[in-house]
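Working notes, structure below.
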Amino acid sequence: MSDFDRKRHWENIYQTKNLKEVSWFQPTPATSLDFFKQFNVPATAKIIDIGGGDSLLVDHLLDLGYLNITVLDISDIALDKAKQRLGERALKVKWIVADAATFKPTEKYDFWHDRAAFHFLTQEQEIENYLDTIQKSIKPSGILVIGTFSEQGPKKCSGIEIKQYSETSMTDRLKKYFEKIKCITVDHKTPSDTIQNFVFCSFRKSQTT
């Protein structure tokens, strides 16, 4: 995979497909929003959405009154689409173009959300780097939510191999830094009417890290 240009791949995806054509499209990201409700995330919380692209989560968070939202994606085109959709509201959001595997935050977050970015990290060093970055960048009382394809889900997405997780393997993978709060499995129906099974897990930082 060393010769694979991840950024070019995703720029091409976002350049050639509109929002409602991509498999991860959700008019209402109900599962993600439920985690915000479950943890009573305050409006002033520092939130980061990893791999947010031009998804509609940011729209819903703005509608709910959240004041400190950051959206990160590897694709400039994806973020430009989101900004155009939001219009003036885009000025209320921080936008970061970066690869999740090498991202180095400059601030700490109360809520770290990652729906379908983590499973694209298939190399051990990338996974370790990402998890190390998260634990260094979440406040002691912060919450981490990660959603990936489950072991019953697809093995590829957008032509790229992914790494599937179960509740057990996700928990084991993160136990160095995080304690599991809750895991759920969710069926996501794509715009082409196929079903993708996800596992979503929430974590808090381990008191020993």
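As a test, work out the antiparallel percent of DSSP beta bridges whose residues both lie in region 50-209, rounded to the nearest 5. Please list the in-between numbers first.
On the way: 20 of 34 bridges.
About 60 percent, rounded to the nearest 5.
So if each residue of separation counts as 0.36 nm, and I subtract the Cα-Cα distance between residue 175 and residue 128, what length gain in nm does that give?
My answer for the length gained is 15.7 nm.
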Problem set entry | GNM top mover of 97, 199, 58 - the chain, alpha-carbon springs below 10 Å | 97
For this session: Identify unpaired cysteines across the chain, taking unpaired to mean no other cysteine Cβ lies under 4.7 Å from the residue's Cβ.
Result: 157
Exercise. Do you know the relative contact order of the chain, to the nearest whole percent, from alpha carbon pairs under 8 angstrom that are 6+ apart?
Worked result: 18
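Report the semi-axes of the equivalent ellipsoid for the chain in whole Å, largest first, where each axis is √(5λ) for an eigenvalue λ of the Cα gyration tensor.
Values: eigenvalues 103, 90, 61 Å².
Working from the Cα gyration tensor, I get semi-axes of 23, 21, 17 Å.
Given the DSSP H assignment, sum -39500 (n - 2.57) over each helix run of at least 4 residues in the chain and divide by its residue total; what's the result at 222 nm in deg cm²/dmol, nearest 500? Display every interim value, and only then the final one.
Working: 6 runs with 60 residues, N = 209.
Rounded to the nearest 500, it is -8500 deg cm²/dmol.
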Problem set entry | Two-site FRET efficiency, residue 8 against residue 194, from Cβ-Cβ distance with R₀ of 22 Å, rounded to 0.05 | 0.25
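Which FRET efficiency value, to the nearest 0.05, is calculated for residue 97 and residue 34 with the Förster distance at 35 angstrom and r the Cβ-Cβ distance? List each step's numbers first, then the result.
Working: r = 28 Å, r/R0 = 0.81.
Efficiency, from the Cβ-Cβ distance: 0.80.
So if the hydrodynamic radius of region 46-87 is defined as the Kirkwood radius over C-alpha pairs, what does Stokes-Einstein give as its diffusion coefficient at 20 °C and 1.002 mPa s, in µm² per second? Please report the intermediate quantities before stating the final value.
Values: Rh = 10.3 Å.
Estimated via Stokes-Einstein, D reaches 208 µm²/s.
No value in this document is a laboratory result; all are computed from the given coordinates. All values derive from a computational prediction rather than experimental measurement. Don't worry about glycine lacking a Cβ; one is built from the backbone with ideal geometry, like all the others, and counts go over all protein chains shown.
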